[in-house]
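To start, the structure itself, in structure tokens.
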Amino acid sequence: MSDIAIIKAQADFAIDLLNNVVYENNKPVESTILSPLSLSMALAMVYVGADGETNKELGKLLSEGLKEEETHKYFGKLFNNYNDNKPKNYTLELANKVFVKEGFKILEEFKKFINENYGGKFELLDFSKSVEAAKIINDFVEQTTHDKIKNLISPDSLNQDTRQVDMMKKTDYFVYFEDKELQMLKMFYSGSSSEEEEDEDIYMVVFLPQERFGLQKMIKNLNGEKVLKLLESGRKTKVDVLFPKFKLESTHNLNEVLIKLGLTTAFGNQANFSKISKEQPLQIDKVVQKAFIEVNEEGTEAAAATAVILETRSMVINVESIQFKADHPFYYAIMKNNEKNGHEFSFAGVFYG
């Protein structure tokens, strides 16, 4: 199986997810960080236990047109190998787990598949003891992300906080592209030489609209295919970069967003998770994600945790330096090359300052 098809599907998912979280939720627009990868991995685990229409909706959302076994092969490999060969100036932590209401007999087929492909990342919890259950979930997330993400499970309010410290300046050779709508810059997580940059698999890409207040319009015009083409369009050029140092944490309750994106049955009485348990029917009660990013001269730290809770239902060119001044709102993503065949969205966000 080529991973190209699923990478294209995931690129679309990343753009749609960010657009809905930032601009389609009737909340004030502000800086945001989220992890399409973390969410997709969590949903892939739920996909294992879904049947009927719920199974079809998850398949379409994660990897439209692919067989379910191909999807699990891709995400299982990603789940187990993601942190191999990380650059020194980039730290990524992901915590994903499915929590099922205690009292159900979990099917052995589900347990075996999750253990073999996703590291056994599911757990039974007594949700009637809400304080104890929240502590178990939060302790798992804090330990897995080395304390980058704390208190994942808390009251369902969007709590976002950003702080601009100052701007970083650097002149170097970067992969760069521009057109009448935007400037694109790739910043590789590597050593100091451009040769090392060519070999790195992980990078931050920044899409800066040409219009100072044109971020929303720019994002509305993007889709997965366009972003993937833009990523292949850049050429190595000398660029004067002005970029903010920032630290940001965002919390998202993603139920409504996922329903808008087509996951309509999973949250209600039409849900079918009969491949998890044949006993009392299950539905998704909530999908919560908390993401963190810090960008400074030393590099980038990023972490994300996604919990799905199942309840019973009710090239180089010598030219003069180009100016890339990220002094107005921009879209950014942290990407990983997939065996040189494509680009995976680990994190995506917008920065408003």
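Could you work out the local net charge near Thr306, counting Lys and Arg as +1, Asp and Glu as -1, over the other residues with Cβ closer than 10 Å to its Cβ? So the surrounding residues net to +2.
How far apart, in nanometres, would the label points at Lys111 and Glu123 be if each is projected 7 angstrom from Cα along the Cα-to-Cβ direction? Placing both labels 7 Å along Cα→Cβ, they lie 1.7 nm apart.
Our estimate of slack between Arg235 and Glu70, defined as 0.36 nm per intervening residue step minus the Cα-Cα distance, is 56.1 nm. Label zone of Arg212 (point 7 Å out along Cα→Cβ, amide N under 20 Å): in the range 221-244 this covers 241-244. Taking amide hydrogens as placed 1.01 Å from N in the peptide plane, the amide H of Gln183 sits under 5 Å from those of Leu208, Gln210, each at least 5 positions away in sequence or on another chain. Between Lys278 and Asn296, the contour length at 0.36 nm per residue exceeds the Cα-Cα span by 1.5 nm. Using the Cβ-Cβ distance between Lys325 and Asn253 with R0 set to 45 Å, the FRET efficiency from 1/(1 + (r/R0)^6) comes to roughly 0.80. For the pair Lys56 and Asn20, a Förster radius of 22 Å applied to the C-beta separation gives a FRET efficiency near 0.60, rounded to the nearest 0.05. For Ile153, nonlocal amide neighbours, meaning residues 5 or more places apart or on other chains whose placed amide H falls under 5 Å from its own, are Asn138.
Every number in this text was worked out from the coordinates using simple rules, so none of it is lab data. Since this is a predicted model, take the numbers as computed values, not measurements. In this analysis, Cβ positions are derived from the backbone assuming ideal geometry, glycine residues included, and neighbour counts consider all displayed protein chains.
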